[in-house]
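What follows is a single structure, written as structure tokens, with notes after it.
What follows draws every value from the coordinates through simple rules; no lab data is involved. Treat the numbers as computed from the prediction; the structure is a model and nothing was measured. Positions of Cβ are generated from backbone atoms using ideal geometry, with glycine treated the same way; all protein chains shown enter the neighbour counts.
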Amino acid sequence: MIKSSPQKRYIIHIDMDAFFAAVEQRDNPQYKGKPVVVGADPKRGKGRGVVSTCSYEARKFGIHSAMPISIAYRKCPEAIFLPVNMEKYQKVSLEIGKVLGEFSPQVEWVSIDEAFLDISGSYHLFGSPYKTGLLLKSRVKEVTGLTSSVGIAPHKFAAKIASDLKKPDGLVEVTQDSLLTFLWPLEINRIWGVGKKAVKVLNESGIYTMGDLAHRKVEKLVELLGKNGEHIWQLANGLDDREVETEREIKSISNEYTFQQDTDNKEKIGSALLSLCEKVSQRLFQKELKAKTITLKIRTGDFKTYSRTVSISNPTNFTDVIFKEIQKTYNNFQTKGKKIRLLGVKASNFSLDTKQSDFLSEKENKKRKKIQRAMEKIKDKFGEDAIYRSGSKI
Ligand code: TTP
Ligand code: MG
């Protein structure tokens, strides 16, 4: 069923350009205009781990996020290789958050460097949706010294695609009238939920673009892709009524990780749990929330799913506190010799974080640095793909 169109909305999606690398170039002007790679230590091409991101100058050499660092080194040995300084990027992200708040009270963070804003009720203060986008970009530049790319559209799906089209420093507006002309020539892999497998299935049925998809019967899509088929058919037809969810409306924050192969390797399980806790903590921090309840989800190789919930006395958004609870819970879980297929960490039962500044107190900084170092070691050992869950496609 096609859902009825919601009332006229203007949604902005903003995504920072080459975020970690751009922050490093800003703080080290001698790196400006040069290939900069942020990620694992390349150790003259023999390092393990992956590229977190790289500057646009480095992208010209074929380097990209999640690429093994050894390959990145081979592609451009003269590049400037830098370690990930997550604390610094989180701080910048917080500054960006403040700027976004000037433009709308409805802001939803998707990851450390991207967010949606519903400007339907506020764009008139800035002239028009397009002018709002322009002003937003220039305020972000003014406050952080960084460039961003912005998409403006009647819904989240098109706004996210639009922000990506003219990177870096892009601004693309899609109006309700131009929505389908905008979407239909685009390839189907831009749709959330359409991964490599689905692309193959669709291609085999002669579906390559969103237009191809939109013109098929919805029943055909359901036949090919199951329930998700209906959702992507709606997106391709320009229908998306998902709201921009502000912090207070979010009931829980969770991240999951599926192992490439089911495992009972304690170190791999430990590193996945730590990374999941780090991501959940990062998102809590970003949304200025603290959680009172933490849930561990475990799926074993036989597809049975278990969840274990713990309450914590002092609401938190600190990685180490969450990780300690999760570790304890995992250790109490009886695997009965079964291997683990998936792990998930969920934080819920929120209270607003009123003491955000505590986060940056010296003591906490030291603690987080320690954790960060532990994570870097794990990344070095198993490769970042073992613990990084990207995929913020929408
Ligand atoms: P992205 O927005 O995907 O990438 P980007 O900002 O570096 O570049 P672009 O201009 O294309 O948007 O991710 C934001 C940050 O998240 C990125 O700077 C580093 C981090 N990240 C990883 O650590 N690993 C990854 O695989 C990806 C994709 C991102
Ligand atoms: Mg980005």
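Some points to look at:
- GNM remark for the chain: springs join alpha carbons under 10 Å apart, and the peak mean-square fluctuation among Val201, Val172, Val345 falls on Val201.
- The three principal axes of the C-alpha atoms in segment 44-87 carry coordinate ranges of 28, 24, 17 Å, sorted with the longest axis first.
- Here the calculated FRET efficiency for Ser311 and Lys8, from their Cβ-Cβ distance with R0 = 45 Å, stands at 0.55, rounded to the nearest 0.05.
- Using the Cβ-Cβ distance between Ser348 and Lys98 with R0 set to 25 Å, the FRET efficiency from 1/(1 + (r/R0)^6) comes to roughly 0.45.
- Estimated FRET transfer efficiency (Leu186, Tyr56; beta-carbon r; R0 25 Å; 0.05): 0.70
- Global geometry of the chain, whether rounded, prolate or oblate, following the gyration tensor of its Cα atoms and the 1.5 cut on a/c: rounded
- Size of electric dipole in the chain: Cβ of Lys, Arg +1 and of Asp, Glu -1, about Cα centre, debye, nearest 20: 1420 debye
- The coefficient of translational diffusion for segment 159-262, derived via Stokes-Einstein from the alpha carbon Kirkwood radius under 10 °C and 1.306 mPa s, stands at 102 µm²/s.
- Net charge of Cβ neighbours under 11 Å - reference Thr132; Lys, Arg +1; Asp, Glu -1: +1
- Estimated purely from DSSP H runs of n ≥ 4, each contributing -39500 (n - 2.57), the mean residue ellipticity at 222 nm for the chain is -12000 deg cm²/dmol once divided by its residues.
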